[in-house]
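Report on the following structure.
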Amino acid sequence: MNLQFKLKDVLEVDLYYGFYDIFVLGGFDIQVNDDFFVEILDLKTNESILLREKDLKTRDCKNGQRAVKFFSFQVTEKSKYRISVHNYEDMTMFYSMLGSNPLSILNLLKKLYGIKRKQIQLDEIEILIA
């Protein structure tokens, strides 16, 4: 079961038993503040599911788009859940990782020639739960 939605969307969906990963779609380099989170609220019990943030953000391609695995979680009982994304307003996402290290030679060459990395707009960024 794959759920794909925009950052500002709020979904109410049935989730079944199992392990899930949350990906941010659009690019390979993402910068967020410490307050960024995805809330998954069980509508029966009004309890939130505990998300585990990935320390090492895995880069992959999902549904034909560049993706960063951000969180994972487990559903222990089938129920209806409300899914929403919070504190994403200052999120910055770039299409590639190239140039993200300020000490790299490639970054220095890009800066010298005035080349900038492609930044993804907030309305283009999506969330995928798989």
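A few points about this structure:
- Of all the listed residues (Leu25, Leu3, Leu43, Leu15), the sole one being over 12 Å from the mean Cα position of the chain (by Cα) and within 20 Å of Ile125 (Cα to Cα) is Leu3.
- For the range 47-65, a residue qualifies if it is among the aliphatic types (A, V, I, L, M) and either assigned to a strand (DSSP E or B) or more than 23 Å from Tyr81 (Cα to Cα) (or both), and exactly one does: Leu56.
- Test result for Gln31, out of contact with any helix residue (DSSP H, G or I) (no Cβ under 7 Å at 6 or more places or on another chain), over 12 Å from Ile129 (Cβ atoms) and surrounded by 14 or more Cβ atoms within 10 Å (Cβ to Cβ): no
- When the range 34-58 is filtered for residues that are closer than 24 Å to Lys78 by Cα, touching a strand residue (DSSP E or B) at 6+ places or on another chain (Cβ under 6 Å) and open to solvent by 50 Å² or more (accessible area, probe 1.4 Å), the ones remaining, listed by number, are Phe37, Glu39, Leu43, Lys44, Ser48, Arg52, Glu53.
- For the range 1-41, a residue qualifies if it is of a type in the set (Gly, Ala, Ser) and free of Cβ contacts under 8 Å to residues at least 60 places away in the same chain, and exactly one does: Gly18.
Here's the yes/no breakdown for (1) in contact with an Asp or Glu (Cβ under 8 Å, 6 or more places away or on another chain); (2) modelled with pLDDT of 95 or more; (3) assigned to a loop (DSSP other than H, G, I, E, B):
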position: Ala67; (1), (2), (3): yes, yes, no
position: Ser72; (1), (2), (3): yes, yes, no
position: Glu77; (1), (2), (3): no, no, yes
position: Tyr81; (1), (2), (3): yes, yes, no
position: Ser84; (1), (2), (3): yes, yes, no
position: Ser96; (1), (2), (3): yes, no, yes
position: Asn101; (1), (2), (3): no, no, yes
position: Arg117; (1), (2), (3): yes, no, yes
position: Leu128; (1), (2), (3): no, yes, no
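The values are calculated or read from the model by the stated rules, or taken from the named source; none is laboratory data. Bear in mind the structure is a predicted one, so any value in this text is a computation, not a measurement. Heads up, the Cβs are rebuilt from the backbone with ideal geometry, glycines too, and the neighbour counts pull from every protein chain shown. Surface accessibility is based on the protein's heavy atoms, side chains included, excluding ligands, DNA and RNA. Shrake-Rupley method; radii C 1.70, N 1.55, O 1.52, S 1.80 Å.
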